[in-house]
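Accompanying notes for the structure given below.
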């Protein structure tokens, strides 16, 4: 039986980091509700595509529109088994929105699985839920991870780290790694 997962995002979320997990987690039988503060089910997010093209940091291009399937104002954290936080620019401002940090704190305090990709670690750091943990993130977020009391895991961009029920990854090239690790944490069994 699939789990009920909450995916927390905002405008300019990284395109692949919302689209791929939203679809992949559903494909293996989980129910995924994508929400954004201030938006309702049926409304859309703007996404951004981040690419690694040899510059000092990623480039950013317009992405797709992503349609939300649940409303932030009506969800109850206790109704969900796990939380997914994609990256991009959204976590930077989501951490300032009323209700977001208590939502993230609920999942950590209830010892529920959490996955955070790329800049998603900014929400974890702001919520104060990573002290003493080993956490990966986009390298530009390393200082925030460490200031929040976590150990920054400097790993290749296509790898992920699991610390208890927390799965983190540096960017979308790590989808195969972090999704596999998150499925294991969720207890998802795929047989061939």
For the stretch 139-149, check the following and say yes or no: at least one residue is part of a strand (DSSP E or B), buried (at least 21 other Cβ atoms within 10 Å of the Cβ) and at pLDDT 95 or above. no
Hey, any hits in the stretch 61-70 for a residue that's touching a helix residue (DSSP H, G or I) at 6+ places or on another chain (Cβ under 6 Å), surrounded by fewer than 22 Cβ atoms within 10 Å (Cβ to Cβ) and under 16 Å from residue 118 (Cα atoms)? no
Within the stretch 5-24, identify whether any single residue is within 18 Å of the chain's Cα centre (by Cα), surrounded by 21 or more Cβ atoms within 10 Å (Cβ to Cβ), within 25 Å of residue 136 (Cβ to Cβ) and at pLDDT below 95, and answer yes or no. no
Residue pairs within 6 Å by beta carbon, gap of at least six or interchain, first lying in the stretch 65-78 and over 18 Å from residue 23 (Cα atoms), second assigned to a helix (DSSP H, G or I), listed first then second, are 77/103; 77/106
Taking the stated definitions as given, is residue 46 part of a strand (DSSP E or B), under 12 Å from the mean Cα position of the chain (by Cα), in contact (Cβ under 8 Å) with a residue 12 or more places away in the chain and farther than 17 Å from residue 170 by Cα? no
Checking the condition without any contact (Cβ under 8 Å) to a residue 24 or more places away in the chain, touching a helix residue (DSSP H, G or I) at 6+ places or on another chain (Cβ under 7 Å) and within 29 Å of residue 56 (Cα to Cα), which residue from 152, 138 passes? 152
Pull up the stretch 79-92, narrow it to residues that are over 15 Å from residue 22 (Cβ atoms) and part of a loop (DSSP other than H, G, I, E, B), then point me to the one that is modelled with the highest pLDDT. 81
Could you tell me which numbered condition residue 52 fails, if it satisfies all but one of (1) surrounded by 19 or more Cβ atoms within 10 Å (Cβ to Cβ); (2) modelled with pLDDT under 95; (3) out of contact with any strand residue (DSSP E or B) (no Cβ under 6 Å at 6 or more places or on another chain)? (1)
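The values are calculated or read from the model by the stated rules, or taken from the named source; none is laboratory data. The structure presented is a predicted model; accordingly, all values stated were derived computationally and were not measured. Because the Cβ atoms are built from the backbone with ideal geometry, glycine has one as well, and the counts that use them run over all protein chains shown.
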